[in-house]
1. Between A:237, B:132, A:96, whose Cα lies farthest towards the positive end of the dipole of the protein assembly as shown when Lys and Arg beta carbons carry +1 and Asp and Glu beta carbons carry -1, centred on the Cα centre?
2. Out of B:104, B:73, B:3, whose Cα points farthest toward the positive end of the dipole of chain B (charges: +1 Lys, Arg; -1 Asp, Glu; placed on Cβ)?
3. Please check: in the Gaussian network model of chain A (C-alpha springs, under 10 Å), which one of A:209, A:169, A:159 has the largest mean-square fluctuation.
4. Run down the lysines and flag those whose C-alpha is under 16 Å from the C-alpha of residue A:140, throwing out any fewer than 8 positions away in its chain.
5. Compute, for segment B:2-185, the length of the dipole vector about the Cα centre, with Cβ point charges of +1 (Lys, Arg) and -1 (Asp, Glu) only. Units Debye, rounded to 20.
6. For segment B:1-101, what is one quarter of the convex hull surface built on the Cα atoms, given in nm²?
7. For segment A:8-154, what D do you get in µm² per second when you plug the Kirkwood radius from alpha-carbon pairs into Stokes-Einstein at 37 °C and 0.692 mPa s?
8. Give the average, rounded to an integer, of partner chain Cβ atoms located within 10 angstrom of each Cβ in A:99-108.
Amino acid sequence: MREIEVSTIRDAVARLAVDSCCNLGADVLTFFEEAVEREESETGKGVFRQLLENASIARNEQMPLCQDTGLAVVFMEVGQEVHLVGGDLEAAVDEGVRRGYTGGYLRKSVVADPFGERKNSGDNTPAVLHTRIVPGTCVKIVLAPKGGGAENMSALAMLKPAQGRAGVLDFVVDTVAKAGPNACPPMVVGVGVGGTFEKVAYLAKKALLRDVGSVNPVPRLAELEDELEARCNDLGIGPQGLGAASPSWTSSWRSSRPTSRRCRWR
Amino acid sequence: MEHALTTPLTDEAVAELRAGDQVRITGTMLTARDAAHKRLADLLDKGELLPVDLRGQIIYYAGPSPAKPGKPVGSIGPTTSGRMDAYTPRLLDIGLKGMVGKGYRSQAVKEAMVRNRAVYFAAVGGAAALLAQRITAARVVAYEDLGPEAIREIDVVDFPVIVVNDIHGGDIYEEGRRRYERKVGA
């Protein structure tokens, strides 16, 4: 049995909150650089150039890439050989969010009592915490801030087996088409298939954590992702819906803006 | 086409703009989001005076992140404009001349824009740190209790936007997509 202080987790969450909001991941940066070259529309190129300059300003000034620094979504894997000591884990995660969002000048976007006063909680708590118990002696934390403008494009469908693969493809493309110019570039789409109502939403969210540009190791699924990417790009929506031939979309089942950050102890 | 616009907006300046044009705005704009719009609409319902004069003004749909010490404002990109659609036609009818945001507008908003010769611009979502650098000063002018959603007057220099809806009925979201859409099998 290995002991880990929850204060260590608190500090990691605070650090990850700031890092994920201010420092764009290398995978997304590479995507923007390639998109400037590949994009056919001048307007589209201009959008990607702005996003590259934005990433550079955010990193240099340590200010958030997007004013909407989201709800703090924390995916945590806890090894079953780990004993967490020194306090309540959920309280430690919330304290990390409180410190990160306050100290890092990040926007607080959580309100309490949605049918009443809608009063801002003032520190962006509570976090959304997903824990998994896994074999081993490590704790792994991924923090993926989720902004409202991206989250409210989400959709879920209960399909019949007869609708099959085509039904899934049509639903994803239709959801992207509806999002259109409302979603910010790059449009990264996480797809979950199977399980129950709550499980499939969790899978879709987790799919966003994949690196942009990564290829699914299962050939059948890689092919499905390629087809989805092509069909979504053929919609012609382009970055910020201003019309473009090439991806505002990057490829299916992956990471969201702002980028996620991982932290792991051995 | 590219334009440099100064505020307040005039009928003549707005008439020149076409959907898809790149525009750099210099002058002052107001920031307001859902909550502030609701309060403005409530005042209009009661027949009371608004805390800001909207005639010729541009509202930027944005709720910034907190400003670091020494900076006028934190990161400040556009929010989804559809959130404001329920309130917007009434503001256009009393003289609001421009809006900056992102995403689709309702038919009622588009009609109110044509009726009042007003224009809708998009800023690039996710370019919030870059847009903050184009703001030289910010002052809360109403509803301070709303925090990031308070109404602020901001001074902007070369603030980059693209015309989405012009007063001639043009819509870049429809035109751009039609131009680049590829039909299956084509």
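The values are calculated or read from the model by the stated rules, or taken from the named source; none is laboratory data. These figures come from a predicted structure and were not determined experimentally. With ideal geometry, Cβ positions are generated from the backbone for all residues, glycine too; neighbour counts draw on all protein chains shown. The accessibility values were calculated without ligands, DNA or RNA, using every heavy atom of the protein model including side chains. Shrake-Rupley method; radii C 1.70, N 1.55, O 1.52, S 1.80 Å.
1. Farthest towards the positive pole: A:96.
2. Working it through, the farthest residue towards the positive pole turns out to be B:104.
3. Among A:209, A:169, A:159, the largest GNM mean-square fluctuation belongs to A:159.
4. A:206
5. Dipole magnitude for segment B:2-185 comes out near 520 debye.
6. Result: a mean projected hull area of 7.4 nm².
7. Translational D for this selection: 194 µm²/s.
8. Taking the mean over all residues of the peptide, I get 3.
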